[in-house]
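The values are calculated or read from the model by the stated rules, or taken from the named source; none is laboratory data. Keep in mind the model is a prediction, meaning the values are calculated, not measured. FYI the Cβ positions are ideal-geometry reconstructions off the backbone, even for glycines, and counts take in every protein chain you see. Surface accessibility is based on the protein's heavy atoms, side chains included, excluding ligands, DNA and RNA. Shrake-Rupley method; radii C 1.70, N 1.55, O 1.52, S 1.80 Å.
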Amino acid sequence: MTESGNPSQPANVNEYTGSHIQVLEGHEAIRRRPGMYVGSTGERGLHHLVYEVVSYAVDEHQAGHADAIDVTITADGGIRVADNGRGLPVEVEEPTGKSAVELELTELSFGSRPHTRYGVSGGLSGLGLCVVNALSSRLMVEVHRDGRRWTQEYEKGAPVTPLTRNEETSDHGTTITFLPDADIFEITRYSFATLSERFQELAFLNGGLAISLTDERPERPVRHHHADGLRAFVTRLNPHPVSLVHSPAISFESENEDQTVFVQVAMQWNTWSPGELHSFANSTRTLEGGAHEVGFRTALTDLVNDYARRQGQLSADDEDITAGAVHEGLTAVVSVKLAHPVFEGATKTKLRNPEAGAYVQEVVREHLTDWLDHNPNEAASIIRHIFNASTGHAR
């Protein structure tokens, strides 16, 4: 097992060109069946357009090429997403004769993106920019790359201008501005609160990434940046310090040897809640859980019982402490990043990868056992809390 504080430094991510785009089908299929690609034509689908664009910028961060994303709800109700990554590729791709930018925005593609080994980070299915373009009444892309500023405009997924090379610049990154199509969506007004909450999650899950959100309807800026990552996330979820069983929150992370699974965990027990587990896969909330949640819960229950028996707090004749008692009052965040995630359903609500569950179990067993052994006072408080909780659970 190898540990890593930054999973985003793969060895061969510098080459990101239009040849990496795998063409499947055009944008008309998306306009005919929008729910298949963004989940719904209501508020959820509307906000997923933003998440698809932001996911590209997050991937650039994970690959070590961007540290800031600026999102703006424009005065006309559109969205502008700007990052300081490398910029989308602009070269012409044969045999299509189209620029790589145009292919990205007009042809449906799928698969792990070449610039981060952990694939898609926040979109629904990795189909990304083509989906956003097809479901927008108009879209403008601005790329700073190769010493120039490049621009192109689209309407309902089709280009209305060629990719234009503009003035020289030393900047780098991509800006995409789009207006959701009122003929597609039942609602076109974005919620500042909904976007802000999601961007705060992304900032927690991707330590070192700064995400700003500005609303021009009127202006209401907010900036999320959490260097302490998941530990800060748990601190936010546990708002009552006086009820904490231990402080600070426990946190650890690890990456497997072949660099295909990266696990981050933060956790803290309290006396006021029944327990709350937030799980994520490639920065997307897995509301129905899956393999990573099962691995976490299984490992935690087993190792708490093992620890209590090693400390003599459970005898050989005592029954095991139940999972319900172990998890009562526990606030935890489990985040995995996978090279090849497999989800049930188009909206990524349940993770199926068995290797994720197995590696989460391994990481939790090793790191939490080590933490308990090196923090005996806090460990005693946690076990005492769990024993108290067990009186309300079957044992």
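Overview of values
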| quantity | calculated |
| --- | --- |
| Some residue of segment 329-341 being crowded, with 22+ Cβ neighbours inside 10 Å, farther than 18 Å from A266 by Cα and over 28 Å from the mean Cα position of the chain (by Cα) | no |
| Residue in segment 251-292 that is farthest from I386 (Cα to Cα), counting only those that are part of a loop (DSSP other than H, G, I, E, B) and among the hydroxyl-bearing types (S, T, Y) | T260 |
| Enumeration of residues in segment 216-256 that are among the aliphatic types (A, V, I, L, M) and open to solvent by 20 Å² or more (accessible area, probe 1.4 Å) | V222, A227, A232, L237, V242, L244, V245 |
| Checking Q259 against (1) surrounded by fewer than 18 Cβ atoms within 10 Å (Cβ to Cβ); (2) at pLDDT 95 or above; (3) more than 19 Å from L230 (Cα to Cα); (4) not charged (D, E, K, R), the condition it does not meet | (2) |
| Qualifying position, being without any contact (Cβ under 8 Å) to a residue 40 or more places away in the chain, among the acidic types (D, E) and assigned to a loop (DSSP other than H, G, I, E, B), among E153, E219, E167, E186 | E219 |
| All positions within segment 361-376 that are open to solvent by 70 Å² or more (accessible area, probe 1.4 Å) and within 27 Å of the chain's Cα centre (by Cα) | E362, R365, E366 |
| Positions within segment 161-181 being out of contact with any Lys or Arg (no Cβ under 6 Å at 6 or more places or on another chain) and open to solvent by less than 70 Å² (accessible area, probe 1.4 Å), in sequence order | T161, L163, T164, G173, T174, T175, I176, F178, P180, D181 |
| Members of segment 281-316 that are more than 27 Å from the chain's Cα centre (by Cα), of a type in the set (G, A, S) and open to solvent by less than 80 Å² (accessible area, probe 1.4 Å) | A308, G312, S315 |
| Subset of segment 69-87 [open to solvent by 30 Å² or more (accessible area, probe 1.4 Å) and small (G, A, S)] | A75 |
| Residues that are modelled with pLDDT under 95 and crowded, with 21+ Cβ neighbours inside 10 Å, drawn from segment 205-215 | L205, N206, L209 |
